[in-house]
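Shown next, in structure tokens, is the structure this report addresses.
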Amino acid sequence: MATKENDQTIKENNCETKMGLPCVLEAFPTIFKPGSISNNCCGELVVLGKVFHSAVVKRTLENLLFNELNPATIIARSIQTGNNSLVLIDSPSRSA
């Protein structure tokens, strides 16, 4: 049931079209291991918003391929990735 809700959230918000594949490939791994995201991809991630970001992380955690992951750790990293992106794009010294 939860997977259907997450899929519906992603579909209703047209999330698949708001972030380019290069940025998906750059941003997504930072949720599962330490890493960084470029200013450009941070901007795309922020445009997607927290609803999308949360739905994708929850859908990923429901996938059996990721059942060995600690959900609390992944959710914390997800929040950190989103917050870091917000800080980076809001920074007055941000370079495009």
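The GluC sites (Glu not before Pro) of segment 21-94 that DSSP puts in a loop, and whose beta carbon has at most 10 other beta carbons within 10 Å, are Glu68. A convex hull fitted around the alpha carbon atoms of segment 3-89 yields 84 Å³ per residue.
All of the numbers you see were taken from the coordinates with simple rules; none came from a lab. Here the structure is a predicted model, which is why all the values come from computation and not from measurement. Reconstructed Cβ throughout: ideal geometry from the backbone, glycine too, with neighbour counts over all protein chains shown.
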